[in-house]
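Reviewing the structure listed below.
The values are calculated or read from the model by the stated rules, or taken from the named source; none is laboratory data. Treat the numbers as computed from the prediction; the structure is a model and nothing was measured. Virtual Cβ from ideal backbone geometry, glycine too; neighbours counted across all protein chains shown. To get the accessible areas, we keep the full protein, side chains included, count just its heavy atoms, and leave off ligands, DNA and RNA. Shrake-Rupley method; radii C 1.70, N 1.55, O 1.52, S 1.80 Å.
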Amino acid sequence: MFEIKAKDMRGRVGVLKTKHGDVKTPNLMPVIHPRKQTINVKDCGADIVITNAYLIYKDEDLSKKALDVGLHELINFDGPIMTDSGSFQLSVYGDVEIGNKEVIEFQEAIGTDIGTSLDIPTGPYVDREKAEEDLEITIERAKEAISFVKDNDYEMKINSVVQGSTYPDLREYCATELTKLDADLYPIGAVVPLMEMYHYRDLVDAVMHSVKCLPDSKARHLMGAGHPMIFALCVAMGCDLFDSAAYILYAEGDRFLTTRGTIKLENMTEMPCSCEVCCKYTPDDLRAMPKEERVKLIAQHNLHVSFAELRLIRQAIAEGSLMELVEERCRAHPMLLDALRHLGEYSEDLEKYDPRSKKSAFFYTGPESLKRAEVTRHLKQLENMDKKKNLVVLPAYRKPYSKYLSNSFKEFLVYAKDESKGEDEPCIIDNKETDFAVLDIPFCLIPLELDEVYPLSQSDAPKIHDKIAVEFVRDFLVDFAENYDNVLIHPKVLDELELDFIEEYEHPEEIKFEKDDIKKLKAIADYQFGHGAGDALFTGKIKIEKSKKTGKIRHVFDKNQNIVNMRASDSFLILSKLGAKRLATLDGMRNKVMIDNSVESFARDGKSVFAKFIIDCDENIRSNDEVLIVNEEGELLAFGKALLNHKEMLDFKTGQAIKTRKGFKK
Ligand SMILES: [Zn+2]
């Protein structure tokens, strides 16, 4: 019932399918009070809502009406409706007058689209014993609910809520157990107190440890999260749905939600946005109004900013600028900045979900950007790269660096990597035995062959460097220098990084980077497809065609047969038939997706591959990667563009996984 359309970090634009229509995600479900609702949330932009089945159940009139005419008519909403089970009431009032099975039966009977079992929301920071006890009951009830729904062939979809308080391992355990049950959606519960206390850092742990163990093919709902200030951060961690009573609760307290925080009407001299309400009224108008009328208007504003933020987030995912938005939003509150900094600890996990190439450029917005997935990935690839004997480090200048490279250098200093070496052993640099790289913030070193590849060329950072970034780059360089016999550093770089040197290099004018298109192609291929890909792809009589306008490589041939094309926007290589065949000679599952032999002929005909037929897949595959499609014997059938990463490919049972470019007919 869930499909992914676009991705950035763990964030995804998706479609949630229900019997009352499709919902675009990430999205917000306004909480509807079955009796007190005065706002028409559909007019404010709601596509899906949530209401409380328990409140309806225990109210005799409401319950009778809901059973008679159905939930949709009862709350006057014709789109998808999710219902909560009374767990919240359980947490506040101790006990509820309904059992797990009854609450499930009732939700189906009133026509809910997505129902919830009666879990136990364990608050943050409780004793471990209590958290474990509650968790066992939650998991037991989820099991009971799901088998009940399946046995009775219910139309309703079912939620299983991840609990576990603030114990990361319990969140993981719960998510793992619930995943086995194959629920339709996975809410992450009992995080409201964390948000109320501004403990966003612990929220990051609760969410990240939950999503890590949840299936990628199901939508996740962060329960009770309704403040637009945190939407971007939570979407980047993989949350697809939010629900909000905040819009009305805040309005009742004369408080306006904004992406920068909350503003009280009493302190307001200006209206905070450009929604209908803010354009039509002044703060004085509102203050003079009867309370009931005012609450309605503030609630409308609150919903407006929430939906506007979600549109912005979906746009950011589509263009690949979600992290820039998260970094901006997390500067609204010091505790959010803590959360962002803490999210950096999860960079390796996030990297697995982050597409290698995006439409928008990478912006460095502060030291937090050093922990971004793109940086983590690049540094790992530098470590894995084949290295020559010497390294020459150049200062950053105009991009792309190799195009504006100066022909000779006046001065180089020999970096004092190994102090015992001293001056008696003269350093001699042979250009052929040398790697050339430009110092960069935040990517540390950009090898000149890779200077046009995304995001190394498509990135920007302030020219005034911060101390943390300089230290980060210096630490990396000091470690990286260990891979080389000699390291020559341009004085500008040495100055900036405050490194020690042994002596001046005697013949700086002899240091030259020789541009070599084949070397460049091989380096890009290795960077994109892994070690050895360059040698596999570019053999024979290589002919290169360049763009007349930009001088960039466009097409590469062996004699007259096209091997690859280079995409102008990110300099990644797009395979042709010959390229695919050559890349397929690399060992093991590298760059490969194995599909069921029953659909072999579809792939050979060039038809797209559906996720449910995927048996195995290289764990290095990210969405948008060029991939090879093979059968169970490992024979190459076709090649195309991945729409999902390797984990998602193996997890999804519906939807497309690879957009096939071409097949090899038998
Ligand atoms: Zn407004």
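Can you figure out the FRET efficiency of GLU635 with LYS380, using R₀ = 35 Å and their beta-carbon distance, to the nearest 0.05? Don't skip to the end; give the middle numbers.
Numbers: r = 31 Å, r/R0 = 0.89.
With R0 = 35 Å, the Cβ-Cβ based efficiency is 0.65.
Suppose we keep just the DSSP beta bridges with both residues in the range 382-509; what percent of those would be antiparallel, to 5? Don't jump to the answer; show the numbers that get you there.
Numbers: 9 of 18 bridges.
Among the beta bridges of the range 382-509, antiparallel pairing accounts for roughly 50 percent.
LYS5's amide H: which non-local residues (gap 5+, or another chain) put their own amide H closer than 5 Å, with H modeled 1.01 Å from N in plane and none for Pro or chain starts?
Here the answer is VAL13, GLY14, VAL15, since their amide H atoms fall under 5 Å of that of LYS5.
List the pairs from LYS389/LYS520; LYS388/LYS515; LYS612/LYS666; LYS5/LYS352; LYS359/LYS543 whose alpha-carbon separation is above 20 Å, in the order I gave them.
LYS612/LYS666; LYS359/LYS543
Could you tell me the largest-minus-smallest coordinate of the C-alpha atoms of the chain on each of the three principal axes, in descending order and whole angstroms?
91, 66, 52
What is the gain in length, in nm to one decimal, between GLU97 and LYS515 on full extension, counting 0.36 nm per residue of separation less the C-alpha to C-alpha distance?
Extending this stretch completely gives an extra 142.8 nm.
Counting heavy atoms of the protein chains only and a 1.4 Å probe, report the per residue accessible area for the range 146-185 as a whole number of Å².
Per residue, the range 146-185 has 41 Å² of solvent-accessible surface.
Can you sort HIS342, HIS221 by solvent-accessible area, 1.4 Å probe, largest first? Mind dumping the intermediate values first?
On the way: HIS342 30, HIS221 0 Å².
These residues rank, largest area first, as HIS342, HIS221.
Highest first, please rank the peptides 254-261, 427-434 by the mean number of other Cβ atoms sitting within 10 Å of their residues.
In descending order of packing, they fall as 254-261, 427-434.
Averaging the inverse of every distinct alpha carbon separation and then flipping it gives the Kirkwood radius. What is it for the range 430-503, in angstrom units? Don't skip to the answer; put the middle values down first.
Values: mean 1/r = 0.0748 Å⁻¹.
Evaluated over the range 430-503, this radius sits at 13.4 Å.
Run the quick spin-label model on LYS291 and ASP68: label points 7 Å from Cα toward the beta carbon, then report their separation in nm to one decimal.
So the label points at LYS291 and ASP68 sit 3.2 nm apart.
What FRET efficiency comes out for the pair LYS546/SER608, r = Cβ-Cβ distance, R0 = 45 Å, nearest 0.05?
That gives a FRET efficiency of 0.90.
How much length is gained if the chain between TYR404 and LYS647 is pulled fully straight, taking 0.36 nm per residue apart and subtracting their Cα-Cα distance, in nm to one decimal?
83.4 nm
Ignoring ligands and nucleic acids, what accessible area does GLU108 show with a 1.4 Å probe (Å², nearest 10)?
The value for GLU108 is about 50 Å².
Kirkwood-based Rg over Rh for the range 477-578 (C-alpha set), two decimals? Can you show the working numbers first?
Details: Rg = 18.2 Å, Rh = 16.5 Å.
With Rh from the inverse mean 1/r over Cα pairs, Rg/Rh is 1.10.
Tell me the per residue accessible area of the range 217-261 using a 1.4 Å probe; a whole number in Å² is fine. All intermediate terms of the calculation are to be shown ahead of the outcome.
Working: 940 Å² over 45 residues.
Value for the range 217-261: 21 Å² per residue.
So what is the 222 nm mean residue ellipticity for the chain from helices alone, if each DSSP H run of at least 4 adds -39500 (n - 2.57) and you divide by all residues, rounding to the nearest 500 deg cm²/dmol?
After summing the helix terms and dividing by the residues of the chain, the value is -10500 deg cm²/dmol.
Determine the share of the chain's accessible area contributed by carbon and sulfur atoms, expressed in whole percent, with a 1.4 angstrom probe. Mind dumping the intermediate values first?
Numbers: 13860 of 29030 Å².
Carbon and sulfur atoms account for 48 percent of the accessible area of the chain.
Only bridges whose two residues both fall in the chain count here: according to DSSP, what percent of them are antiparallel, nearest 5?
Numbers: 51 of 87 bridges.
Expressed as a percentage, antiparallel bridges in the chain total about 60.
Taking all protein chains together and a probe of 1.4 Å, list TYR167, TYR484, TYR404, TYR125 from the most accessible to the least accessible.
Result of the area sort, largest leading: TYR125, TYR404, TYR167, TYR484.
Express in nm, to one decimal, how much length is gained between ASP43 and ASP479 on full extension, taking 0.36 nm for each residue of separation and deducting their alpha carbon distance. If you can, show how the numbers build up before the last one.
On the way: separation 436, 0.36 × 436 = 156.96 nm, distance 5.81 nm.
Fully extending the segment from ASP43 to ASP479 adds 151.1 nm.
With the other protein chains left in place, how much accessible area per residue, in square angstrom, belongs to the range 509-648 at a 1.4 angstrom probe?
The answer is 46 Å² per residue.
How large is ³J(HN,Hα) for each residue in the range 231-244, as worked out from phi by the Karplus curve 6.51 cos²θ - 1.76 cosθ + 1.60 (θ = phi - 60°), to whole Hz, x for Gly and Pro?
Couplings: 4, 4, 4, 5, 5, 4, 8, x, 8, 10, 10, 10, 10, 9 Hz.
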